[in-house]
Amino acid sequence: MILEHRCRNCGGCLEKCPEKAIRRTDRDVCQIDEELCSHCGLCVEICQLQAIKKSFSISTFLKSLGDTLEERGKGYAGNN
C-alpha cells in the first residue's frame with residue numbers, strides 16, 4: 001500500500017520492483033498492482049519517506065502461500 005500523502009513520486013520503488021508491479025497513474029501517483037506484487041519488500045526498503053507499507057489481503061496471502069508450497073515441493077521424488 002502506498003501512502004499518497006507521503007509519496008513524492010521519486011520513482012525509486014518503480015525502478016527497484018522486480019515484478020514491475022508499481023506504476024504511475026494518470027494522476028501522477030504511484031500505485032501497486034496487488035496481482036503482480038510478490039511481496040518481496042524491496043519497495044518498502046528503498047522508500048526513504050516510509051510511504052509504502054506491506055499489506056496483505058487474504059487472497060494475496062493464500063496465493064503467496066500456495067506459490068511457496070509449490071516451490072518447496074519441486075525436486076522431491078514424485079513431484080513434477
Among the residues that make up the stretch 68-78, is at least one of them modelled with pLDDT of 70 or more and in contact with a Cys (Cβ under 6 Å, 6 or more places away or on another chain)? no
Any pair with Cβ under 8 angstrom, 6 or more apart, that starts in the stretch 20-36 at a residue that is at negative phi and ends at one that is part of a strand (DSSP E or B) and of a type in the set (S, T, N, Q): ILE22/GLN31; ARG23/GLN31; ARG24/GLN31; THR25/GLN31
Filter the stretch 6-41 for residues that are of a type in the set (Lys, Arg) and not in a strand (DSSP E or B) and give the result. ARG6, ARG8, LYS16, LYS20, ARG27
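Looking only at the stretch 4-37, filter to residues that are among the aliphatic types (A, V, I, L, M) and surrounded by fewer than 16 Cβ atoms within 10 Å (Cβ to Cβ); which one of those is modelled with the highest pLDDT? Lay out the reasoning, then the answer.
Within the stretch 4-37, the subset among the aliphatic types (A, V, I, L, M) is 14, 21-22, 29, 32, 36.
Restricting the remaining residues to those that are surrounded by fewer than 16 Cβ atoms within 10 Å (Cβ to Cβ) gives 29, 36.
Values: VAL29: 80, LEU36: 92.
Going through the qualifying residues, I end up with LEU36.
The values are calculated or read from the model by the stated rules, or taken from the named source; none is laboratory data. Please read these numbers as outputs of a predicted model, since none were measured by experiment. As a convention, Cβ positions derive from the backbone with ideal geometry for all residues, glycine included, and neighbour counts pool all protein chains shown.
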